[in-house]
Amino acid sequence: MQPDTYDPVSPAPLARFGLVDTRSPDEAREAVGRIFCPHFLTPLTREASGFHARHHSASQAGYSVNFVAYGSAVEIDPGELSRFFLLQVPVRGAAQVRCGTVVADAAAGRGATVLSPTLPTRMIWQDGCQKIIVLIRREELERLCGAMLDRPNMTVEFSTGIDLTQSAGAALFRHVDLMRAAADGAGPVPEPYQVLLRDGLATLMLTGLVHDRSASIGRPAPLPGPAAVRRAEDYLVGHAGEAIAMADVARAAGTSLRALQEAFRQHRGHTLTERLQQIRLERLRAALADGSDDSSVTEMIFRSGLGHAGRAAAAYAARYGETPSQTKRRR
């Protein structure tokens, strides 16, 4: 996805998840309020003909992926979001966002914003502004932050603006597009892949963006020994076909997630997520070689805990030198 090149003639992102399509500001305020939270919505132009609210929303495990547009310029005042974070990425046009005392400009291809649930928010969307918005439940992100620091109940407040031209912002943009593409696919996204995408986004936000816990997360953590790595691997193997939250892996290993991630790099030469991918590929290879299993390759991919059939097949071929279908035919 290029951040400023959606063709207005083509179907909008997440079109099959359309929930709101109205030219009435009052109807839009009520309908979008039911999806996100109650808010004030005020068109900023005298002519109401340009107002056209559209909201497409794909609900996933602990998050949702949304496409939102209002057509004409609007002011939106939700106050404090309370229950969730909103990562807003303009794909057309621009917006100005105040979160707490900080004002940030966002524009397609240049800047995005993140809204924290404990800070009051007010926004002005310019004419033609369209955004991909990821709503991530507050408890999911704060739980991951707590796991990173081995401290429960960690609140987080982010600095509002995100520079999409810098490495951290560009990585976030790519991951948001991965989430959008998964939701926009032909079928439902398997829950293990949803959780992997959710925790991946939360990790990028906590490690790449500025927030009030940045100093603690950036501070070196004492590394656990090989036993913690083995406990984590045992947990991954035992639950590979399920939705695995990284916070649960850290708890099973008996250490902080931040320390465990670094221990994996030092003791295994790869990341925790890469090790989970390896285990799931091994499960897939065993299923493909099982002559008594008549399931399709796609069914085996999803049952192994892998989410995107095309990406899983490419990763399988890179690891084993043949496609999943070729392995299955050699039974």
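A compact table of results
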| read-out | value |
| --- | --- |
| Among the candidates R258, R230, R180, residue that is over 30 Å from P13 (Cβ atoms) and surrounded by 14 or more Cβ atoms within 10 Å (Cβ to Cβ) | R258 |
| Residue match in segment 293-301 (condition: among the hydrophobic types (A, V, I, L, M, F, W, C), under 22 Å from the mean Cα position of the chain (by Cα) and either at pLDDT 90 or above or in the same structural domain as L149 (by TED's automatic domain parsing) (or both)) | yes |
| Exclusive hit being buried (at least 16 other Cβ atoms within 10 Å of the Cβ) and among the β-branched types (V, I, T), set V102, V65 | V65 |
| Count - residues of segment 162-174 that are part of a helix (DSSP H, G or I) and in contact with a Gly (Cβ under 6 Å, 6 or more places away or on another chain) | 1 |
| Unmet criterion (only one of (1) modelled with pLDDT of 95 or more; (2) surrounded by fewer than 16 Cβ atoms within 10 Å (Cβ to Cβ)) for Q326 | (1) |
| Out of F40, F36, sole residue that is surrounded by fewer than 17 Cβ atoms within 10 Å (Cβ to Cβ), at pLDDT 95 or above and not hydroxyl-bearing (S, T, Y) | F40 |
| Flag for S325 being part of a loop (DSSP other than H, G, I, E, B), farther than 20 Å from L178 by Cβ and either assigned by TED's automatic domain parsing to the domain that holds E140 or of a type in the set (G, A, S) (or both) | no |
| Residues satisfying the stated conditions in segment 276-331, i.e. touching a Pro at 6+ places or on another chain (Cβ under 8 Å) and at positive phi | G305 |
| Residue in segment 82-97 that is surrounded by the fewest Cβ atoms within 10 Å (Cβ to Cβ), counting only those that are touching a residue at least 60 places away in the same chain (Cβ under 8 Å) and not aliphatic (A, V, I, L, M) | R92 |
| Segments classed as strands (runs of 3 or more DSSP E), wholly inside segment 51-161, with at least 3 members that are over 30 Å from E191 (Cβ atoms) and either aliphatic (A, V, I, L, M) or in contact with a helix residue (DSSP H, G or I) (Cβ under 9 Å, 6 or more places away or on another chain) (or both) | 94-99, 102-107 |
| 1 or more residues closer than 18 Å to L144 by Cβ and in contact with a strand residue (DSSP E or B) (Cβ under 7 Å, 6 or more places away or on another chain): qualifying helices (runs of 4 or more DSSP H) within segment 188-259 | 191-208 |
| Residues that are buried (at least 19 other Cβ atoms within 10 Å of the Cβ), over 23 Å from D184 (Cβ atoms) and touching a Lys or Arg at 6+ places or on another chain (Cβ under 6 Å), drawn from segment 280-323 | L281, L288 |
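The values are calculated or read from the model by the stated rules, or taken from the named source; none is laboratory data. It should be emphasised that the depicted structure is a prediction, and the values quoted were computed from it without experimental measurement. Neighbour counts are summed over all protein chains in view; Cβ atoms, including those assigned to glycine, are modelled from backbone coordinates with ideal geometry.
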